[in-house]
Every structure is written in structure tokens, then in C-alpha cells.
2 protein chains.
Amino acid sequence: MTKKVAYNVAVVGATGAVGEKIIEILERKKFPVNELKLLSSERSAGKKVSFNSKQITVEKATPESFEGVDIALFSAGGSVSKQLAPEAVKRGAVVIDNTSAFRMDENVPLVVPEVNEADIKQHNGIIANPNCSTIQMVTALKPIQDAFGLSRIIVSTYQAVSGAGTQASKELENQTRQYLDNQEMTTELLPVKGEEKHYPIAFNAIPQIDVFQENGYTFEEMKMINETKKIMHAPNISVAATCVRLPLFTSHAESVYVEVEKEGLTVTDLWKVLVGAEGVVLEDDPGSQLYPTPMSATNKEDVFVGRVRRDLDKGNGFHLWVVSDNLVKGAAWNTVQIADRLIQNNWL
Amino acid sequence: MTKKVAYNVAVVGATGAVGEKIIEILERKKFPVNELKLLSSERSAGKKVSFNSKQITVEKATPESFEGVDIALFSAGGSVSKQLAPEAVKRGAVVIDNTSAFRMDENVPLVVPEVNEADIKQHNGIIANPNCSTIQMVTALKPIQDAFGLSRIIVSTYQAVSGAGTQASKELENQTRQYLDNQEMTTELLPVKGEEKHYPIAFNAIPQIDVFQENGYTFEEMKMINETKKIMHAPNISVAATCVRLPLFTSHAESVYVEVEKEGLTVTDLWKVLVGAEGVVLEDDPGSQLYPTPMSATNKEDVFVGRVRRDLDKGNGFHLWVVSDNLVKGAAWNTVQIADRLIQNNWL
């Protein structure tokens, strides 16, 4: 099979926070697009979106929308993916899905290109894009796993509201203004849309992202645990997660503790493997107060790592601070990367 | 020795964030005050502060200020404590010091009344009040240590700006308004006053609290590590900390992982010891989205614990979410509690 020169691409959820970012990246990266189809729910259909200096009208997504589409990028929620992704595949498209709908399906590769690019080849029409907080963590940990082996991960997250969609960012802005103006805060959405209780996020920290599972963990925490094992091909690695929503608009940070298999390593050993790693930027110099923050990582494609230090008790334990833009590497850019590797490797 | 009916009390740093809170609590708790002396730097001297419906003029703190003082509560920075606390002791006062000046001095008890009240008795004139993030963690963990033994603690903090003083709260407010108004943010203070680099805290997360040590940890992280071992009388416990400053005005939260010595425990076993513990309030019901947040803990004296769950891999590992008001239990209330126990036990 020879590569086409350009591809018909569909973006499902084109008016959402991730969809908008995907369109921006397709344009900026000069992705080989022949025709771009922008799809959404009925509510957003009719809106116009600019792409490569042309105005494209958003259409309501239906099974027939995918006729002639080569690559379909889904980020319109799990139920939309469950309903329409198989329809797109049936019509010959390869789907890259940003929701949790197919991530743990053993017939669906779950991919972070820097970590498990080769898994893309195994696809049966659908490739899943991992959860944002998982993507940045495995990108940072992959070079450590490769060089030294990884036996344990304990992560506490510092997550931005944009992971919960455009409305959540609006809610943070509104509540912040209300709080500063001594007004009562309007709490309608966070932590989870549609759930019974809502807590203010402005000047607060909410230890709940997504719904609770029977075991007391949230679904977000279980995503980090299960997806990490699948992407890293390491079912025996111990992973524990605590996920916390914070008053940040963009970029997630993570306090990550790891235990490596190799004994006697120093911080310099970890620096050496991180500094050359694909998709990773090391920003780590306590002497000059250099470390990444959510604000410094925003609108960038890389995963930034700082504060690498050895555990003071456990010889093979290390602590790291991992930051990345949750809408870019955590969603849109990882999706476009997968699409690009599909093409470059002739795996479409 | 018989108890006096009322005591001459001095508050050093009376116009700071913690000093103001101490005065408020002395009044609200009807602490047996005979004369209240409010002391400060030259800059704040002359200000008037209300206490029990009287106006008290703040005076410049000098060695002579402590003549006739029974109990002196210091929270004006480490250098002030180092200079003036010995002068107060020389004049017969017992000092309760909120700074890090004497905390690790082996002749100075470091006290959280719910954890190690009896240590107060060993004082030689000075009793140290621990770091805010340490206080709430050891209060929550003490009942677990007593019931089951504790071998390991890994904590990641979510800390409010008021821990860095009134100016830091002002900086958060200013930057937040600037950001929402699309203006450039003024960064002058955080993460550490007087350090070379300053980062915005509004809508951001800064993984630096206090200055860096040679080992790559910050001084705040080392305080949590060393103070926890001293307060809990557990030099062999493994403690690791990552301390992060967030855009919260008040109350710190902590994601705490612990390993207990006893095997086979369930979440219910931990709930049972936490629910009856002094100074601890259990707010933990995932089914009804019940957990503490910094906002729900603000202006309260207790330490709130939620999200208790078993580690999915390590049988004796548990995760907790611990929240408390950093200015109340984390500083002022713990200080007044120590003063109260001094009196009640005739240890003055």
C-alpha cells in the first residue's frame, strides 16, 4: 500500500475544548488533510470554524458522516464514541478515540507514541488515546522504565479544570470573580457534571475527578492505574493514584514517587535518561529555582520534569514533579501524533 | 504551685496573619488573660487592636517588653524568636514559638497536644509549635500509629498562600484580578520572599515552599520529614514529602500514603480509630461525595480526614486526604492549645 498524499479527516466534538485544540494542531503541524469534516451534536451544528484560512461549517454527526473519511478523531464523550466509532470503522475510517469508551478493550491499542508506538499496528479500526493524567506520567516514566526497570508508582495529581471541558473553565472564572466580589459562588458543574453534589473550585481543591467506584477510588484514579499498566506493558507494576482538581485553567502537574528495580542509582542517573528522552524536557535545577509549573507548560507539546530527588529512606525510591498541558500532550497533540504515526508507518 | 487565676500574655508578631488569629482565639476561647501585651516590629508599633472590647496599642518588641509576662506567643519570624525568646525566658516567661528557630533543638519540646502533650512538661522555657503542614498530618496519623503502628509516610501537599503571610494572600488576590483582566501579573514575593526568582501563583502550582536544601528537598519538605519523627517519637519511620503551593487563600490539604505495621486491616478499621480521635473529624463517604476540602475546613479547629482507601497492591498500605486550616490548627489554635495545657497541667 502506498501512502496517500492527503487524507480525509473528521473531528467529532469539533466545538469542544479538545476538538478546538485538535483543529489548531492539525493546521499548525501542516497535517496532510485533504478534506476536513467537523462534526458535533445537533446543538453545535451550524457553527463555523476556521481551518487553513477557510470557514468550515460544523455538521451534526451521523453514521453517514463518515463515508469517505480516512481518519476520524473522536472527543465528544464516551456515549458518542460507543455509538459512532463502530459506524466510522464500518465505513473504512480508522478512529482515534479520546474518551474512555474503548481504552481497556483488549482489542483496542491504547497508545502514547513515545511509549508504545508499535501497538498502533495491532489496531482493528480503533485506537484509544489515554487519559490526560496518564499520558504525561507514562511519557516521563518510560525512559526510567527502559533504563532501570520500574516496580512501583504512587502519584498525587494537581489537575486543571479544562480537563472537565470548556464549561468547567467558565465555572472557575465565574466563581473566582464572585469570590473576589464577596458574592456567593454558583456551583453547578464540578467536580462531576450531573452528579448530586457540587463544590466550589475557585480557591479550593476537590479530591474527586469523575465518579466514585465501589472500591473507594474515583474512575479517574482507576484510569491512571489501569491505563498505565496497559500502555507500559507492565501488569505487575504497582500503581496508586490520588486525583485532585484545582483552580488551574490549563496543564496538570503530578507529584510522582517511583521505585526502580536497579539499586544504587543517583539523581544524575535519572537526569541522564530523562534529558535525551523523546517528548520529555528536563527542567531541574534547585540551585536556580528551576522547575516546571502548569503555567510554564501551557501551550507546549512536551512533558516537563523537575524536582527529581532520591527518597531519603528507600534507596531505589525517587520523587519527580511532572507537568504537561492536559489539552495538548494530554489530549489533542497525542491524538494527532497517533494519526501521524499511522500514516508514517503505513499502518492505516 | 497553685494556678494563677489569670496570666499576663504577650503576642509577638501581633499584626501578622498568625498573630491576628491568636488574638481572635484567645478572646473566643476565653483564655484566662490578665494583661495582654501586643508586640511587633517598629514598623507596626502604634497600631490599635481590639481584644475583649478594649483597644490595645501594639508596642515595639524589646527585651524589656517581657518583664512580668507569664506566657509569650511568638510568630514574628525565626530571627525575632532567636533574638527575643531567650530574653523572654530570662525574665520568667514561658515561650511558645511558632517559627522554625528552635523546633529541632533537642532541649525544646515540639508539640501537637493531641499527639505528644506530655512532652510539654520537659520544657526549659521554650516550647516549639510545629510547621502547619506537619501539625495536621501528625494529628490525623497519631490514632493510626497508636492502634496499628506506622512504618512509612509519603505525603504530597496542597498548600494555601496564607502560610507565607498576609502579603502572599494579597499577591494571590492581585495576580488573580490581573489575570482575569488580561493584564500582566506582578510577581514579587512567592514562592519565597527575598529569593531571586518569583513565579505567579494565580491559576498555577509552585513546587517550592521555603528555600532549597543541598539534598534537593525544600526546607518545608525537610520540616515535615524531621518534625514528624520528633513529634511522633518515631525516628525510624520513613517519611517523604513533596510540598506544593497553590492558589488557595486558606487551609492546606494533603494526599497521604501510609504503611501500617499490622497486616490485614480494612478501611473500616481505620475509620474506627479516626472517628473517636481527639481533634480529628472523619468526613468520608464516597457514596454521597463526602470528603473535606480546604474551603470546608476554613475557620475550623479540627483536622478533617476523608478518601481513606486501601492500596490496591500493598496490603498494609492506605491512602488518606487530610485537610485543616493552616492558620488555626496549623498555627494559632495549636499555640493556644499548648498554652492551655501548660496551665491545666501546672507545667508553667
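Which residue is farthest from A:Pro200 (Cα to Cα), if the candidates are limited to segment A:234-250 and must be outside any loop (DSSP other than H, G, I, E, B) and of a type outside the set (Lys, Arg)?
Going through segment A:234-250, the residues outside any loop (DSSP other than H, G, I, E, B) turn out to be A:238-242, A:245.
Narrowing the set further to residues that are of a type outside the set (Lys, Arg) leaves A:238-242.
Details: A:Ser238: 33, A:Val239: 29, A:Ala240: 26, A:Ala241: 23, A:Thr242: 19 Å.
Here the answer is A:Ser238.
Name the residue that is farthest from B:Pro86 (Cα to Cα), counting only residues in segment B:15-50 that are buried (at least 18 other Cβ atoms within 10 Å of the Cβ) and among the basic types (Lys, Arg).
Once the filter is applied, the top-ranked residue is B:Lys21.
Select from segment B:90-111 the residues that are out of contact with any Asp or Glu (no Cβ under 9 Å at 6 or more places or on another chain) and of a type in the set (A, V, I, L, M) and write down the one among them that is nearest to B:Gly163 (Cα to Cα).
Only one residue fits best here, namely B:Ala101.
Among the residues of segment A:231-254, which ones are of a type outside the set (A, V, I, L, M, F, W, C) and under 18 Å from A:Lys329 (Cβ atoms)? Even if it seems obvious, please write down each step before you answer.
Within segment A:231-254, the first condition is being of a type outside the set (A, V, I, L, M, F, W, C), and the residues that meet it are A:233, A:235-236, A:238, A:242, A:245, A:247, A:250-252, A:254.
Passing the criteria: A:Thr250, A:Ser251, A:His252, A:Glu254.
Please go through segment B:175-196 and pick out each residue that is at the interface with chain A (Cβ under 9 Å from one of its Cβ atoms) and surrounded by fewer than 12 Cβ atoms within 10 Å (Cβ to Cβ).
B:Glu196
For segment A:94-115, how many residues are under 22 Å from A:Val11 (Cβ atoms) and touching a helix residue (DSSP H, G or I) at 6+ places or on another chain (Cβ under 8 Å)?
So the count comes out to 15.
What are the residues in segment A:51-75 that are among the β-branched types (Val, Ile, Thr) and either assigned to a strand (DSSP E or B) or crowded, with 18+ Cβ neighbours inside 10 Å (or both), if any? Lay out the reasoning, then the answer.
Start the filter on segment A:51-75 by keeping residues that are among the β-branched types (Val, Ile, Thr), which leaves A:56-58, A:62, A:69, A:71.
Of everything in segment A:51-75, those that are among the β-branched types (Val, Ile, Thr) and either assigned to a strand (DSSP E or B) or crowded, with 18+ Cβ neighbours inside 10 Å (or both) turn out to be A:Ile56, A:Thr57, A:Val58, A:Val69, A:Ile71.
For a quick check of your reading of the model, give me the residue pairs whose first member lies in segment B:271-285 and is in contact (Cβ under 8 Å) with a residue 40 or more places away in the chain, whose second is among the basic types (Lys, Arg), with beta-carbon atoms closer than 8 Å and at least 6 apart or on different chains.
Listed pairs, sorted by first residue: B:Ala277/B:Lys142; B:Gly279/B:Lys329.
Within segment B:197-209, track down each residue that is more than 7 Å from every other protein chain (Cβ to nearest Cβ) and of a type in the set (A, V, I, L, M, F, W, C). Give the derivation first.
Just the residues of segment B:197-209 that are more than 7 Å from every other protein chain (Cβ to nearest Cβ), to begin with: B:198, B:201-202, B:209.
Of everything in segment B:197-209, those that are more than 7 Å from every other protein chain (Cβ to nearest Cβ) and of a type in the set (A, V, I, L, M, F, W, C) turn out to be B:Ile201, B:Ala202, B:Ile209.
Yes/no per residue for (1) out of contact with any helix residue (DSSP H, G or I) (no Cβ under 8 Å at 6 or more places or on another chain); (2) within 29 Å of A:Lys300 (Cβ to Cβ); (3) acidic (Asp, Glu):
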| site | (1), (2), (3) |
| --- | --- |
| A:Gly13 | no, yes, no |
| A:Glu24 | no, yes, yes |
| A:Glu35 | yes, no, yes |
| A:Ser44 | yes, yes, no |
| A:Phe51 | no, yes, no |
| A:Ala72 | no, yes, no |
| A:Gly78 | yes, yes, no |
| A:Ser81 | yes, yes, no |
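Among the candidates B:Ser324, B:Ser251, which residue alone is at positive phi and in contact with a helix residue (DSSP H, G or I) (Cβ under 7 Å, 6 or more places away or on another chain)?
Details: B:Ser324 fails: at positive phi.
Testing whether each residue is at positive phi and in contact with a helix residue (DSSP H, G or I) (Cβ under 7 Å, 6 or more places away or on another chain) leaves just B:Ser251.
What are the residues in segment B:119-148 that are assigned to a loop (DSSP other than H, G, I, E, B) and crowded, with 24+ Cβ neighbours inside 10 Å, if any?
Applying the first criterion (assigned to a loop (DSSP other than H, G, I, E, B)) to segment B:119-148 yields B:123-125, B:129-131.
Listed by number, the residues that qualify are B:Asn129, B:Pro130, B:Asn131.
When only residues in segment B:317-348 that are polar (S, T, N, Q), more than 13 Å from B:Val112 (Cα to Cα) and in contact with a Ser or Thr (Cβ under 8 Å, 6 or more places away or on another chain) count, which is surrounded by the most Cβ atoms within 10 Å (Cβ to Cβ)? Before you say what the answer is, go through the steps one by one.
Going residue by residue through segment B:317-348, those that are polar (S, T, N, Q) are B:324, B:326, B:334-335, B:337, B:344-346.
Adding the requirement that they be more than 13 Å from B:Val112 (Cα to Cα) leaves B:324, B:326, B:344-346.
The next check asks that each one be in contact with a Ser or Thr (Cβ under 8 Å, 6 or more places away or on another chain); those that pass are B:324, B:326.
Values: B:Ser324: 34, B:Asn326: 29.
Here the residue is B:Ser324.
Considering every residue within segment B:145-158, establish whether at least one is under 12 Å from the mean Cα position of the chain (by Cα) and either of a type in the set (D, E, K, R) or closer than 11 Å to B:Val112 by Cα (or both). Lay out the reasoning, then the answer.
First, pick out the residues of segment B:145-158 that are under 12 Å from the mean Cα position of the chain (by Cα): none.
Among the residues of segment B:145-158, not one is under 12 Å from the mean Cα position of the chain (by Cα) and either of a type in the set (D, E, K, R) or closer than 11 Å to B:Val112 by Cα (or both), which makes the answer no.
Can you go through B:Leu39, B:Leu26 and tell me which one is in a strand (DSSP E or B), assigned by TED's automatic domain parsing to the domain that holds B:Ala101, within 22 Å of B:Thr99 (Cα to Cα) and among the hydrophobic types (A, V, I, L, M, F, W, C)? Full working, then the answer.
Values: B:Leu26 fails: in a strand (DSSP E or B).
Sole residue among the options that is in a strand (DSSP E or B), assigned by TED's automatic domain parsing to the domain that holds B:Ala101, within 22 Å of B:Thr99 (Cα to Cα) and among the hydrophobic types (A, V, I, L, M, F, W, C): B:Leu39.
Kindly check whether there is at least one residue in segment A:76-98 that is under 24 Å from A:Phe304 (Cβ atoms), at pLDDT 95 or above and among the charged types (D, E, K, R). Break it down into steps so the answer makes sense when it comes.
Start the filter on segment A:76-98 by keeping residues that are under 24 Å from A:Phe304 (Cβ atoms), which leaves A:98.
Cutting the leftovers down to at pLDDT 95 or above gives us A:98.
Next, only the ones that are among the charged types (D, E, K, R) stay: none.
Looking through segment A:76-98, none of the residues is under 24 Å from A:Phe304 (Cβ atoms), at pLDDT 95 or above and among the charged types (D, E, K, R).
Condition test on B:Val267, is it under 14 Å from B:Gln145 (Cβ atoms), at pLDDT 95 or above, β-branched (Val, Ile, Thr) and more than 15 Å from the chain's Cα centre (by Cα)?
Details: under 14 Å from B:Gln145 (Cβ atoms): no; at pLDDT 95 or above: yes; β-branched (Val, Ile, Thr): yes; more than 15 Å from the chain's Cα centre (by Cα): yes.
Answer is no for this residue.
Residues that are part of a helix (DSSP H, G or I), in the same structural domain as B:Tyr257 (by TED's automatic domain parsing) and closer than 24 Å to A:Trp321 by Cβ: does segment B:180-194 have at least one? Don't jump to the end; show me each part of the working.
The first filter runs over segment B:180-194 and keeps only residues part of a helix (DSSP H, G or I), leaving B:180.
Now restrict to residues that are in the same structural domain as B:Tyr257 (by TED's automatic domain parsing): B:180.
Next cut, closer than 24 Å to A:Trp321 by Cβ only: none.
Looking through segment B:180-194, none of the residues is part of a helix (DSSP H, G or I), in the same structural domain as B:Tyr257 (by TED's automatic domain parsing) and closer than 24 Å to A:Trp321 by Cβ.
Hey, any hits in segment A:218-231 for a residue that's in a loop (DSSP other than H, G, I, E, B) and either surrounded by fewer than 23 Cβ atoms within 10 Å (Cβ to Cβ) or facing chain B (nearest Cβ under 9 Å) (or both)? It would help to see each step written out before you state the result.
Let us first name the residues in segment A:218-231 that are in a loop (DSSP other than H, G, I, E, B), namely none.
Within segment A:218-231 (the criterion being in a loop (DSSP other than H, G, I, E, B) and either surrounded by fewer than 23 Cβ atoms within 10 Å (Cβ to Cβ) or facing chain B (nearest Cβ under 9 Å) (or both)), the answer is no, since none of the residues qualifies.
Please find, among A:Asp311, A:Asp340, the residue that is assigned by TED's automatic domain parsing to the domain that holds A:Ala118, touching a residue at least 24 places away in the same chain (Cβ under 8 Å) and more than 25 Å from B:Ile201 (Cα to Cα). Steps first, please.
Numbers: A:Asp311 fails: assigned by TED's automatic domain parsing to the domain that holds A:Ala118.
The unique qualifying residue is A:Asp340.
Just give me the residues in segment A:197-217 being surrounded by 17 or more Cβ atoms within 10 Å (Cβ to Cβ), under 30 Å from A:Arg103 (Cα atoms) and of a type outside the set (Gly, Ala, Ser), in sequence order.
Of everything in segment A:197-217, those that are surrounded by 17 or more Cβ atoms within 10 Å (Cβ to Cβ), under 30 Å from A:Arg103 (Cα atoms) and of a type outside the set (Gly, Ala, Ser) turn out to be A:His198, A:Tyr199, A:Ile201, A:Ile206, A:Pro207, A:Gln208, A:Ile209, A:Asp210, A:Phe212, A:Tyr217.
Quick one: count up the residues across segment A:235-258 that are surrounded by 18 or more Cβ atoms within 10 Å (Cβ to Cβ) and more than 30 Å from B:Thr293 (Cα to Cα).
Count: 1.
Counting only residues that are touching a Ser or Thr at 6+ places or on another chain (Cβ under 9 Å) and in a loop (DSSP other than H, G, I, E, B), which one in segment B:251-262 is nearest to the other protein chains (Cβ to nearest Cβ)? Walk me through how you get there before you give the answer.
So the first thing to find is which residues in segment B:251-262 are touching a Ser or Thr at 6+ places or on another chain (Cβ under 9 Å), and the list is B:251-261.
Subsequent filtering for residues that are in a loop (DSSP other than H, G, I, E, B) retains B:251, B:261.
On the way: B:Ser251: 9, B:Glu261: 15 Å.
Top of the filtered list is B:Ser251.
In segment B:81-92, is there at least one residue being under 19 Å from the mean Cα position of the chain (by Cα) and not in a helix (DSSP H, G or I)?
Looking for residues that are under 19 Å from the mean Cα position of the chain (by Cα) and not in a helix (DSSP H, G or I), one finds none in segment B:81-92, hence no.
The values are calculated or read from the model by the stated rules, or taken from the named source; none is laboratory data. Values in this document were obtained by computation on a predicted structure and should not be read as measured data. Here Cβ is always computed from backbone atoms with ideal geometry, including for glycine, and neighbour counts include all displayed protein chains.
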